[in-house]
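Written below as structure tokens is the structure these notes are about.
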Amino acid sequence: MKIKLYILFLFTFNLLIGQDRNKNFIQEWKSYLADNSTFEYLKLNSDGTGFKGFGKTIKSKDTIFINHFSSLKITNWNTKNGVLNIYSEHSLTYNPSIKYQIINNNEAELKITGDHLKLNIYPSNLNKTTFNRTVNYKNAKHLLGEQGVKKSPCIYKSKIFTFKHVDSLYIKASYKGFKDLIPHIVSCHPDYEYSKSYKDLPYQLKLPNNLNKWSFGFGNRLFNISLDSYDETETSIVIYYDFKNENKEFFFSQIEKGKEEKKTINLNNKEIFLFKNWQNKFSGKVFYSNNIYVAYYTKDKRLEELLRNCITSFEYK
């Protein structure tokens, strides 16, 4: 008897929830980020299921980041008293709030305030306040199709550098550049936000003779090319693409707040900022135009003079 009553209760409960699902909400919703290809995604189905997370439009086709840590599999949703309640399954140790205050909703728009995870920050109880924000979703059917990025071969497949012997200490590395770098890095790692476009001008710089191998690093609004040695000095010269100057602004804000010491030298008419990195390596960086900065890292302090000459030799061709 108790089992029958429990089943009846569940049936009645689900029926009541179903009655609170306004048809305006039963859509695919998108909110494009500044790069105009990555989007916050919300799908609400008539049966109460759905998905909340991120995606990217590449060559007019959408890829949803189903396995990203920011993904929430919606098991039930309903609306009540101006609140959208979203129940979900996820692999997080932090439980996002189920409540989203409805600011505006019609067939074309859904604007809600609540816990919206971010593509570049792993959520925890320590940073949960950063996720409380407003997202203005648009009905995917109403978007004009002007979003997205073209698909180009991944930069891994390009021979981006040529090397020329200079003397017993240096080689010259010449970088070929791209009319638009973004499609070439999106093709490698689509699950980051980059920039809408980036004209990557050819450049050149001197390197120590043993730094003729390169690798790539990807992140939100960031990309880097690392030229490395494979010896006990663990020496690298890294060319950073800081698409929104966020790293640069953070670096100077830490100095301004007194959290980092400003230690600089001038060489070849360039200002080098000196520091120790998280691996306790001797390091220096120079900021250039076009959202680029160049840094060196080494365990061998005796190499610093040579490496400083390298990072100050950077120039566009």
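Assorted remarks:
- Count of the stretch 227-243 residues, restricted to those that are surrounded by fewer than 18 Cβ atoms within 10 Å (Cβ to Cβ) and in a strand (DSSP E or B), is 1.
- Applying the criterion of being in a helix (DSSP H, G or I) and without any contact (Cβ under 8 Å) to a residue 40 or more places away in the chain to the residues of the stretch 169-207, the residue that is farthest from Arg302 (Cα to Cα) is Pro183.
- Looking only at the stretch 121-142, and only at residues there that are of a type in the set (A, V, I, L, M, F, W, C) and under 19 Å from the mean Cα position of the chain (by Cα), the one that is nearest to Ile103 (Cα to Cα): Val135
- Residue within the stretch 257-268 that is among the charged types (D, E, K, R) and within 23 Å of the chain's Cα centre (by Cα) present: no
Residue by residue, here is whether (1) in the same structural domain as Tyr192 (by TED's automatic domain parsing); (2) under 24 Å from Ile182 (Cα atoms); (3) in contact with a Phe, Trp or Tyr (Cβ under 9 Å, 6 or more places away or on another chain) holds:
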{"position": "Glu234", "(1), (2), (3)": "yes, no, yes"}
{"position": "Ile239", "(1), (2), (3)": "yes, yes, yes"}
{"position": "Lys244", "(1), (2), (3)": "yes, yes, no"}
{"position": "Gln254", "(1), (2), (3)": "yes, no, no"}
{"position": "Lys259", "(1), (2), (3)": "yes, no, no"}
{"position": "Phe273", "(1), (2), (3)": "yes, no, yes"}
{"position": "Gly284", "(1), (2), (3)": "yes, no, yes"}
{"position": "Leu306", "(1), (2), (3)": "yes, no, yes"}
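- Residue in the stretch 185-198 that is hydrophobic (A, V, I, L, M, F, W, C) and either over 30 Å from Gly55 (Cβ atoms) or more than 23 Å from the chain's Cα centre (by Cα) (or both) present: no
- Strands (runs of 3 or more DSSP E) fully within the stretch 268-317 counting 2 or more residues that are aliphatic (A, V, I, L, M) and at pLDDT 95 or above: 270-276, 292-298
- Screening Asn224, Asn210 for residues that are surrounded by 13 or more Cβ atoms within 10 Å (Cβ to Cβ), under 28 Å from Asn67 (Cβ atoms), free of Cβ contacts under 8 Å to residues at least 60 places away in the same chain and not assigned by TED's automatic domain parsing to the domain that holds Lys56 leaves exactly one candidate, Asn224.
- Taking the stretch 282-300 as the range and being closer than 13 Å to Glu234 by Cβ and either without any contact (Cβ under 8 Å) to a residue 60 or more places away in the chain or of a type in the set (Gly, Ala, Ser) (or both) as the test, the residues that pass are Phe282, Ser283.
The values are calculated or read from the model by the stated rules, or taken from the named source; none is laboratory data. Not measured: the values here are computed from a predicted model. Note: ideal-geometry Cβ built from the backbone for every residue, glycine included; neighbour counts use all protein chains shown.
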